[in-house]
């Protein structure tokens with residue numbers, strides 16, 4: 001049996017009854033978080049542009065463009081809504097051999113569920129499945145050091161989760177994986193150097209293509225096989241050979257991976273989260289910020305290579321580069337005492353004070369911190385003052401990490417903060433209540449229309 005067939009058999013076999021209470025609760029929490037991130041990103045430029053294109057295209061069995069009452073094709077809805085979820089770099093994270101943002105799968109699952117009239121139970125099962133597939137692949141092989149983007153794994157997770165919602169059998173699911181994975185591989189350049197708008201669009205584009213591949217497979221189109229093991233397949237071209245045992249997946253002998261994902265407390269790349277907490281804690285003990293003469297950030301290899309080993313990170317001119325810059329993020333946390341979406345405004349990026357302050361910041365890989373990664377995502381921030389005094393703080397488990405989880409109240413507060421100004425209070429309450437009762441819903445009903453911005 002090929003790996004694509006094995007993954008497809010697992011996907012086809014998974015049932016709502018396989019989801020334990022903790023997994024069901026985690027899935028609902030992450031839907032709330034994704035919806036909040038999406039509505040918060042309603043006005044970002046890529047969402048506005050792509051929404052304008054998508055709303056012109058109408059079809060039967062359509063899906064809603066979140067924030068509106070307009071509909072379009074499910075792949076285009078997945079694309080636009082996926083950009084909204086991802087753009088602020090505020091949605092959840094999973095860290096392993098390969099990093100991932102598995103809530104990127106949610107907009108496509110919702111689009112497929114809406115178009116097919118799926119029940120709440122079917123949607124929850126599909127989302128848990130998407131997380132399981134993407135996270136297990138992230139556990140299996142590191143592809144970023146080979147020059148490929150983590151969204152390549154999303155081609156598989158979206159194909160299997162939406163294929164399940166569209167009612168594909170095992171053979172059709174296998175073909176959906178073959179089609180999706182062969183044709184839409186993404187280069188890591190999207191996250192290297194000066195980052196562009198496409199950083200927040202990369203998974204959404206993969207999801208759009210994966211859902212289209214599902215639609216093709218359902219109608220009988222076949223794809224290149226074996227897609228993983230073949231002479232020119234994924235293993236030889238992209239990842240190297242790896243082993244996956246689906247018997248250890250959630251619903252079988254193992255626990256569901258969705259429970260190991262981290263919800264972000266701050267809108268910043270996840271490897272910086274503990275550095276933000278450390279900087280904010282140190283700030284309390286610094287009387288005059290002008291007394292700071294030097295800052296050192298000791299981080300993991302991933303934090304160093306992704307956020308602190310590129311000259312562009314010391315002179316970010318785009319929002320996308322700034323939220324992936326340890327010197328900028330730590331500098332802003334020290335200077336402003338907060339990190340939120342306003343941190344990345346154009347005026348903040350051009351602020352001469354932060355530009356000068358970043359010259360005082362150095363970023364290093366600390367082998368002892370790398371050694372505990374990815375189980376712990378630690379950073380140590382050390383501040384040197386003009387008096388000669390040295391202040392230092394190390395944080396291993398930032399708020400939202402599985403070892404330091406956010407409460408449901410904090411997740412709802414994040415949702416309310418992100419959607420404030422877009423949705424009235426009563427509607428926000430209704431959205432939350434509807435999501436937490438999804439397992440009782442025969443269809444999605446008016447859930448997506450509740451997201452319409454006034």
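For segment 278-289, residues that are surrounded by fewer than 24 Cβ atoms within 10 Å (Cβ to Cβ) and touching a residue at least 40 places away in the same chain (Cβ under 8 Å) total 7. Here is the figure for segment 231-271: residues that are more than 20 Å from residue 19 (Cβ to Cβ) and assigned to a helix (DSSP H, G or I) total 8.
Pairs meeting the criteria (first residue in segment 339-357 and over 18 Å from residue 267 (Cα atoms), second residue modelled with pLDDT under 95, beta carbons under 8 Å, at least 6 apart or on different chains) are 355/315. Checking every residue in segment 342-356 against the condition of being more than 24 Å from residue 97 (Cβ to Cβ), within 21 Å of the chain's Cα centre (by Cα), in a helix (DSSP H, G or I) and outside the structural domain of residue 285 (by TED's automatic domain parsing) gives zero matches. For beta carbons closer than 9 Å, sequence separation of 6+ or different chains, a first residue in segment 416-428 that is in a helix (DSSP H, G or I) and a second that is loosely packed, with under 13 Cβ neighbours inside 10 Å and modelled with pLDDT of 95 or more, the qualifying pairs are 416/425.
May I ask you to list the residues in segment 108-132 that are farther than 19 Å from residue 215 by Cβ and surrounded by 22 or more Cβ atoms within 10 Å (Cβ to Cβ)? Spell out the reasoning first.
Going residue by residue through segment 108-132, those that are farther than 19 Å from residue 215 by Cβ are 119-121, 124-125, 127-128, 131-132.
Selection gives 120, 124, 125, 127, 128, 131, 132.
Of all residues in segment 1-38, those satisfying the criterion of being farther than 20 Å from residue 121 by Cβ, in contact (Cβ under 8 Å) with a residue 24 or more places away in the chain and over 15 Å from the mean Cα position of the chain (by Cα) are 2, 3, 4, 5, 6, 7, 8, 9.
Condition check ((1) touching a strand residue (DSSP E or B) at 6+ places or on another chain (Cβ under 7 Å); (2) surrounded by 18 or more Cβ atoms within 10 Å (Cβ to Cβ)) across all residues:
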{"position": "356", "(1), (2)": "no, no"}
{"position": "363", "(1), (2)": "yes, yes"}
{"position": "375", "(1), (2)": "no, no"}
{"position": "380", "(1), (2)": "yes, yes"}
{"position": "387", "(1), (2)": "no, no"}
{"position": "393", "(1), (2)": "yes, yes"}
{"position": "405", "(1), (2)": "no, no"}
{"position": "408", "(1), (2)": "no, no"}
{"position": "412", "(1), (2)": "no, yes"}
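For segment 95-107, how many residues are more than 29 Å from residue 72 (Cβ to Cβ) and either surrounded by fewer than 23 Cβ atoms within 10 Å (Cβ to Cβ) or touching a strand residue (DSSP E or B) at 6+ places or on another chain (Cβ under 6 Å) (or both)?
Applying the first criterion (more than 29 Å from residue 72 (Cβ to Cβ)) to segment 95-107 yields 95-99.
Filter again for either surrounded by fewer than 23 Cβ atoms within 10 Å (Cβ to Cβ) or touching a strand residue (DSSP E or B) at 6+ places or on another chain (Cβ under 6 Å) (or both), leaving 95-97, 99.
Qualifying residue count, segment 95-107: 4.
Residues of segment 100-111 include at least one that is over 26 Å from residue 17 (Cα atoms), in contact with a helix residue (DSSP H, G or I) (Cβ under 9 Å, 6 or more places away or on another chain) and in the same structural domain as residue 12 (by TED's automatic domain parsing).
The values are calculated or read from the model by the stated rules, or taken from the named source; none is laboratory data. Just so it is clear, the structure is predicted and the values come from calculations on it, not from any experiment. Glycine gets a Cβ as well: all are built from the backbone with ideal geometry, and neighbour counts include every protein chain shown.
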